[in-house]
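Undergrad: Structure incoming, see below.
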Amino acid sequence: MKNGYKILWTDFALKELESTIEYLEENWTEKELKNLASKLEETLSLISQNPDLFQKSEIKNNIRRAVILSHNSLYYRFNNDQIEILSFFSNRQNPKKRKLK
């Protein structure tokens, strides 16, 4: 069985993930945080195995969107045999704040 494609996070996506975690640590329980981490890990594994699994973004055709629970979405694209995570977006924000390159 294939190990999957390499996943790279952009600096922007890592900053979004970090600020989301900081917010959630203040407002969620430990159990909810662990559930989010588990779901994120599971989703990244699925993307690594099958990059075309999730729906195409309404923003750009080459960008895909995976919903992580109902609160966050992961935006990514597949380039040169690797997955590039572009954004870890909080769905509670105004969609106009999404920044995808």
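All of the numbers you see were taken from the coordinates with simple rules; none came from a lab. Only a predicted model underlies this, so the values are computations on that prediction, with no experimental measurement involved. All Cβ positions, glycine included, derive from the backbone under ideal geometry; neighbour counts span all protein chains shown.
Undergrad: Any chance you could give the angle, 0 to 90 degrees and rounded to 10, that helix 11-27 forms with the longest Cα principal axis of the chain?
TA: With both axes taken from Cα atoms, the answer is about 30 degrees.
Undergrad: Between the helical axis of 30-49 and the dominant principal axis of the chain, each derived from Cα atoms, what acute angle in degrees is found, rounded to the nearest 10?
TA: 10
Undergrad: Moving on to the next point. Please work out which option in (1) 6.3; (2) 6.7; (3) 10.2 gives mean projected area of the Cα convex hull in nm² calculated from these coordinates, and answer with its label.
TA: Given (1) 6.3; (2) 6.7; (3) 10.2, the calculated one carries the label (2).
Undergrad: Given a cut-off of under 8 Å on Cα pairs at least six residues apart, what relative contact order in percent is computed for the range 6-91? Kindly include the intermediate steps, with their values, before the conclusion.
TA: Working: 118 pairs, mean separation 31.0, N = 86.
Reported as a whole number, the value is 36 percent.
Undergrad: Would you calculate the separation in nanometres between label points at Asn35 and Asp11, each defined as 7 Å from the Cα along the Cα-to-beta-carbon direction?
TA: About 3.5 nm separates the two model spin labels.
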